[in-house]
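What follows is a set of notes on a single structure, which appears directly below.
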Amino acid sequence: MTHSIKDNPITDKKAMHQKTIADIIAGLNAGEFTSVEITQHYLNRIKQLDGTYNSFITVNEESALAQAEAADKRRAEGDAPALCGVPIAHKDIFCTNGVRTSCGSKMLDNFVPPYDATVVENFANAGAVVLGKTNMDEFAMGSSNETSFYGPVKNPWDTNTVPGGSSGGSAAAVAAHLTPGATATDTGGSIRQPAALCGITGLKPTYGRVSRWGMIAFASSLDQGGPMARTAEDCALLLNVMASFDPKDSTSIDREVPDYTANLNQPLDGLKVGIPKEYFEEGLNPGTEQAVHDALAELEKQGATLVSISLPHTKLAVPAYYVIAPAEASANLSRFDGVRYGHRCEDPKDLRDMYMRTRAEGFGDEVKRRILVGAYCLSAGYYDAYYRKAQQVRRLIKQDFVDAFEQVDVIMGPTSPSPAFEFGAKGDDPVAMYLEDIYTIATNLAGLPGMSVPCGLVDDKPVGLQIIGNYFDESRMLNVAHQFQQVTDWHQQAPTGIDVEGAE
Ligand code: GLN
């Protein structure tokens, strides 16, 4: 396997699509290329390559070029906000004014929002150029991108394998260098697990850090948007723009947004890293385990101390999540009834027939499964047995982390139990699929931030190191990830087959 970027480390010798967001900003500032040029370059690549990966649902060729032109003009006039002219992509869960927002579902195949999500607006204000909307599991339910109405996304490292989910489109697009960065969302692992399986960097912020307004709701107490890119530095640049207090989101937290790039270069001397023993038990692929241990050894060399810790309720995270998330989903998805917007069945004979056929036709199997489970858990007589019990377990899980953070600064372990698996491998067994998120789900239940950083290749497939931080400690997590990326080159490795002849 060849790793194209590794041999070509000098910024201005990199092909356009090999540049990081930091490189692109520097190149635009230095006048080496224009936003129109780099945007066109990415649009050409999407045209050439995305037939294979299926990472985009919608490509905004015309509006992207118009935004790029406007950005070039702004820059020429001396008014260049943070991401002026930088191409990005949005997960198709973020509402975009005038551009179809499908959430990976037939239900919303015809939905063109009349407004932008706050996240989308934040990127527009920062001058970013939106290449398109990325593919995803239907309503963000899944870990493999196999539940999308628009077909599965293929992992650029091995197209017989899944990219992870639910933000598999964003992850695959970044990994294949079809965009330098993308937005994503994480309810139980959907930023970190696909980032791990596609060999890129992804960050799920603290709950409340990024506005959920205009981000189609799956499980409102768990959903959180965050960035995906190739490096920690790029994630910091994206998070600077993505994070904001939003009065339109009642769970948004009114807290200053720091400059997430400010601490990237702090040395790691004295950093205390908690290693939960429960994250290295049965079910973890030995190659993944080795890669994580090697990564931890690398951090020790930089002055970090490893502290063995216990998160005793880890085993209960997946069962608690699969009560709470479906319960919230069953309530959130009740709005899709054929009355207001989205799919409506043909010729309903009465209201009830319309509800039933609209929902039967519009939702896929996994979404239906979640609605059934959720409605059951919330029904009279079962609420106390399931929903209330799951909320009590959630409290215990949170307490495990609160106790751990009394002793350590960050917690680390694998992001997911194994590298990318083949299509269909877990198709008949929802529980096997649910266990993909065994190391990521607890952080969502606790509302903590987590990130995944590439830390090795197992059978030529990427695996991720997970970094869990304390509440609002994203700067420190990014610092640790950036320092790791200064002494390793896993984040610079790229899949074969993505370097095609193109406009360069
Ligand atoms: N894989 C988990 C699920 O299917 C998490 C999804 C997510 O984070 N959006 O619910």
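The values are calculated or read from the model by the stated rules, or taken from the named source; none is laboratory data. Just so we're clear, the structure is a prediction, and the values are computed from it rather than from any experiment. No Cβ is skipped: glycine too gets one built from the backbone with ideal geometry, and neighbour counts run over all protein chains shown. SASA here: full protein model, heavy atoms, side chains in, ligands and nucleic acids out. Shrake-Rupley method; radii C 1.70, N 1.55, O 1.52, S 1.80 Å.
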Output the residue which, of all residues in the stretch 156-171 that are away from the ligand (no atom under 16 Å from the Cβ) and not aromatic (Phe, Trp, Tyr), is surrounded by the fewest Cβ atoms within 10 Å (Cβ to Cβ).
-> 160
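State whether one or more residues within the stretch 450-465 are buried (at least 16 other Cβ atoms within 10 Å of the Cβ), part of a helix (DSSP H, G or I) and either without any contact (Cβ under 8 Å) to a residue 40 or more places away in the chain or more than 19 Å from the chain's Cα centre (by Cα) (or both). Steps first, please.
Residues of the stretch 450-465 buried (at least 16 other Cβ atoms within 10 Å of the Cβ): 450-458, 461-465.
Going one step further and asking which of them are part of a helix (DSSP H, G or I), we end up with none.
No: zero hits.
Looking at the stretch 365-391, which of the residues that are among the acidic types (Asp, Glu) and surrounded by fewer than 16 Cβ atoms within 10 Å (Cβ to Cβ) is modelled with the highest pLDDT?
Let us first name the residues in the stretch 365-391 that are among the acidic types (Asp, Glu), namely 365-366, 384.
Still in the list and also surrounded by fewer than 16 Cβ atoms within 10 Å (Cβ to Cβ): 365, 384.
Values: 365: 96, 384: 90.
Per the stated criteria, the residue is 365.
Evaluate the following for residue 273: is it crowded, with 20+ Cβ neighbours inside 10 Å, assigned to a strand (DSSP E or B) and not small (Gly, Ala, Ser)?
On the way: crowded, with 20+ Cβ neighbours inside 10 Å: yes; assigned to a strand (DSSP E or B): yes; not small (Gly, Ala, Ser): yes.
Taking the combined requirement at face value, the residue satisfies it.
For the condition assigned to a loop (DSSP other than H, G, I, E, B), within 15 Å of the ligand (Cβ to nearest atom), closer than 23 Å to residue 328 by Cα and β-branched (Val, Ile, Thr), what is the one hit in 147, 185? Give the derivation first.
Working: 185 fails: assigned to a loop (DSSP other than H, G, I, E, B).
Going through 147, 185 in turn, the sole match is 147.
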Identify all residues within the stretch 437-473 that are more than 18 Å from residue 398 (Cβ to Cβ), in contact with a Pro (Cβ under 7 Å, 6 or more places away or on another chain) and within 16 Å of the ligand (Cβ to nearest atom); write none if there are none.
-> 464
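Considering 190, 252, which residue is buried (at least 24 other Cβ atoms within 10 Å of the Cβ), assigned to a loop (DSSP other than H, G, I, E, B) and without any contact (Cβ under 8 Å) to a residue 60 or more places away in the chain?
On the way: 252 fails: buried (at least 24 other Cβ atoms within 10 Å of the Cβ).
Just one listed residue meets the conditions, 190.
Per-residue answers, yes or no, for (1) under 22 Å from residue 478 (Cα atoms); (2) touching a residue at least 40 places away in the same chain (Cβ under 8 Å):
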site: 272; (1), (2): yes, yes
site: 277; (1), (2): no, no
site: 282; (1), (2): no, no
site: 296; (1), (2): yes, yes
site: 299; (1), (2): yes, yes
site: 307; (1), (2): yes, yes
site: 319; (1), (2): no, yes
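In the stretch 215-246, how many are part of a loop (DSSP other than H, G, I, E, B), open to solvent by 10 Å² or more (accessible area, probe 1.4 Å), touching a residue at least 40 places away in the same chain (Cβ under 8 Å) and over 19 Å from residue 168 (Cα atoms)?
Our first condition is that a residue be part of a loop (DSSP other than H, G, I, E, B); within the stretch 215-246, this holds for 216-223, 230-231, 243-246.
Next, from what is left, pick out any that are open to solvent by 10 Å² or more (accessible area, probe 1.4 Å): 216-217, 220-221, 230-231, 244-245.
Subsequent filtering for residues that are touching a residue at least 40 places away in the same chain (Cβ under 8 Å) retains 216-217, 220-221, 230-231, 244.
Still in the running and over 19 Å from residue 168 (Cα atoms): 220-221, 244.
Residues in the stretch 215-246 being part of a loop (DSSP other than H, G, I, E, B), open to solvent by 10 Å² or more (accessible area, probe 1.4 Å), touching a residue at least 40 places away in the same chain (Cβ under 8 Å) and over 19 Å from residue 168 (Cα atoms): 3 in total.
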Within the stretch 188-222, can you find the residues that are within 11 Å of the ligand (Cβ to nearest atom) and among the charged types (D, E, K, R)?
-> 192, 204
Identify, by number, the condition in (1) within 16 Å of the ligand (Cβ to nearest atom); (2) of a type outside the set (S, T, N, Q); (3) not in a loop (DSSP other than H, G, I, E, B) that residue 133 doesn't meet.
-> (1)
